[in-house]
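In what follows, a structure is listed as structure tokens, so that the remarks can point back to it.
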Amino acid sequence: MKLLDKEIVYRLVPCPCYEVEACESWLTDMAAQGLFVEKLGRTLARFRRGLPQTVRYRLTAARLKGSWLDVVPSEPLSTEKALYAEYGWEFICSQQEFFLYACRDSQAPELHTDPAVQALSLKMARKSAWWALIGGNAVLVIQFALNGRGRLARLLVEMPLLSLCMYLYLFGVLFLAARDLYHILRLSRRLRRGYAPDHRKNWHPTAWVNRISRGITVCAFFLGILLAFWMFVQFSSRQPIKDYRGPLPFATLQELTDGTLVQDEDEYNTLERRQSLLAPTILEYSESGVILQGEEAPWAPSLSVQYYDTRSPWLAQLLVNDLHQQRSILAEEPQPMPDLAGMDAAYAYSGKEGVFRQLILVQGRRVLSVLWVDPDGTHGFDRLAPRFAEAFAASS
């Protein structure tokens with residue numbers, strides 16, 4: 001027997017169960033080709049091959065009452081199955097809010113003969129479609145609320161593909177939920193007006209939209225998982241500063257003062273280097289220690305640096321707000337800054353107590369954020385900002 005004639009075959013579902021009439025029509029067309037559905041999923045349907053027949057398929061509401069928190073049963077009540085079986089209708093499977101029945105007897109009566117009653121039976125399906133859309137919007141709002149402050153631009157620059165997959169998935173889920181709601185409301189409206197459902201509706205016009213939207217959503221989900229795992233591995237690549245031999249595009253503690261630096265343990269002095277499609281070089285640098293300054297009191301600073309070499313100047317400028325918001329709890333008050341040689345823009349912020357200071361420098365496609373501790377007020381912007389700017393400009 002040829003492989004193409006295997007008994008079990010799978011097909012992409014061209015229309016969702018909420019598009020009741022089109023889904024019933026598609027399954028009837030499959031039976032006319034000798035493919036009889038055994039399992040109807042959201043994306044794939046499983047068929048068993050046989051001799052082509054005329055088979056009617058009907059989707060009935062799985063629940064007539066109850067809370068939206070109820071779990072949809074896997075099959076109807078035994079009394080319902082027995083009653084429908086007496087009239088020639090065989091239960092096939094359940095899918096979302098619906099039970100699927102099939103009938104090979106062309107003389108058997110319809111499961112629903114009163115459109116108004118059938119409209120009432122769809123009440124729970126309509127509620128579920130509404131809650132799916134509301135829930136999808138809530139997830140999107142929460143996502144923006146959590147990542148909208150100091151994260152959106154960094155997520156875009158650091159993880160462009162993962163961000164794309166995440167939002168493709170979220171908007172895809174919203175589109176699918178809105179589509180389901182539209183179809184079930186449209187059918188309910190027609191039934192309430194007394195029109196009988198069109199069980200042989202042409203399902204082809206919207207099939208490509210459904211398949212593409214479902215395919216994009218599913219692919220975005222699985223690709224996002226793979227990218228998240230890859231990003232986790234990449235973000236776990238911190239190394240001690242002493243193990244890094246290349247030049248750095250910013251000033252370190254030793255270069256900021258004329259004293260002698262005694263670094264803390266390696267766990268406080270690390271460098272993480274990574275890259276993305278929108279930023280070929282991303283550096284996360286942490287350094288702390290004690291600087292002995294001759295007759296001056298020792299300075300016990302800590303330095304936290306974020307450096308981005310992006311693909312475009314507008315990306316560098318886009319990162320400025322996020323880089324500040326990330327540190328705004330420590331240094332929220334803007335400070336006046338004189339022009340710094342070689343810089344396109346410079347932004348300075350201090351904490352209310354003046355202990356923490358943040359400096360953000362922009363030069364072309366590059367942006368640098370520096371946070372340091374100045375407990376006694378001796379290492380302010382007037383002293384360190386020019387040094388940071390000089391080192392930053394020299395590395396271009």
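Sub-9 Å Cβ pairs linking a first residue in segment 382-396 that is without any contact (Cβ under 8 Å) to a residue 60 or more places away in the chain and surrounded by fewer than 20 Cβ atoms within 10 Å (Cβ to Cβ) to a second residue that is outside any helix (DSSP H, G or I) and of a type in the set (A, V, I, L, M), at least 6 apart or interchain, are Pro386/Leu340; Pro386/Ala341; Ala393/Leu340; Ala393/Ala341; Ala393/Met343; Ala393/Leu361, ordered by first then second residue. Candidates are the residues of segment 122-153 that are loosely packed, with under 14 Cβ neighbours inside 10 Å and among the aliphatic types (A, V, I, L, M); the one that is nearest to Pro73 (Cα to Cα) is Ile134. Would segment 189-201 turn up any residue that is among the aliphatic types (A, V, I, L, M), on the phi < 0 side of the Ramachandran plot, free of Cβ contacts under 8 Å to residues at least 60 places away in the same chain and out of contact with any Ser or Thr (no Cβ under 7 Å at 6 or more places or on another chain)? Checked against the condition, which is being among the aliphatic types (A, V, I, L, M), on the phi < 0 side of the Ramachandran plot, free of Cβ contacts under 8 Å to residues at least 60 places away in the same chain and out of contact with any Ser or Thr (no Cβ under 7 Å at 6 or more places or on another chain), segment 189-201 yields no hits at all. Could we say that Thr252 is polar (S, T, N, Q), within 30 Å of Ala393 (Cβ to Cβ), touching a residue at least 24 places away in the same chain (Cβ under 8 Å) and touching a Phe, Trp or Tyr at 6+ places or on another chain (Cβ under 9 Å) here? So Thr252 fits the description; yes.
Restricting attention to segment 233-261, the residues that are among the hydrophobic types (A, V, I, L, M, F, W, C) and modelled with pLDDT under 75 total 3. Just one of the numbered conditions (1) surrounded by fewer than 16 Cβ atoms within 10 Å (Cβ to Cβ); (2) over 30 Å from Leu323 (Cβ atoms) is not true of Ala119: (1). In segment 209-254, which residue that is assigned to a helix (DSSP H, G or I) and more than 29 Å from the chain's Cα centre (by Cα) is farthest from Gln275 (Cα to Cα)? Only one residue fits best here, namely Gln254.
Out of everything in segment 317-332 that is more than 14 Å from Ser350 (Cα to Cα) and in contact with a Phe, Trp or Tyr (Cβ under 7 Å, 6 or more places away or on another chain), what residue ends up being surrounded by the most Cβ atoms within 10 Å (Cβ to Cβ)? The extreme case among them is Leu319.
Among the residues of segment 179-208, the ones that are part of a loop (DSSP other than H, G, I, E, B) and under 30 Å from the mean Cα position of the chain (by Cα) come to 0 in all.
Residues that are among the charged types (D, E, K, R) and at pLDDT 90 or above: does segment 294-309 have at least one? Scanning segment 294-309, I find at least one residue that is among the charged types (D, E, K, R) and at pLDDT 90 or above, so the answer is yes. Close contacts from segment 23-37, counting a first residue that is in contact (Cβ under 8 Å) with a residue 24 or more places away in the chain and a second that is of a type outside the set (Asp, Glu) and assigned to a helix (DSSP H, G or I), with Cβ to Cβ under 7 Å and a gap of 6+ residues or different chains, come to Val37/Leu27; Val37/Met30. Reported count of residues in segment 370-393, each being assigned to a helix (DSSP H, G or I) and under 39 Å from the mean Cα position of the chain (by Cα), is 6. Among the criteria (1) of a type outside the set (S, T, N, Q); (2) touching a strand residue (DSSP E or B) at 6+ places or on another chain (Cβ under 9 Å); (3) under 15 Å from Val20 (Cβ atoms), the one Gly215 does not fulfil is (3).
The values are calculated or read from the model by the stated rules, or taken from the named source; none is laboratory data. None of the values given here were measured: they were computed from a predicted structure. So basically every Cβ, Gly included, is an ideal-geometry build from the backbone, and we count neighbours across all protein chains shown.
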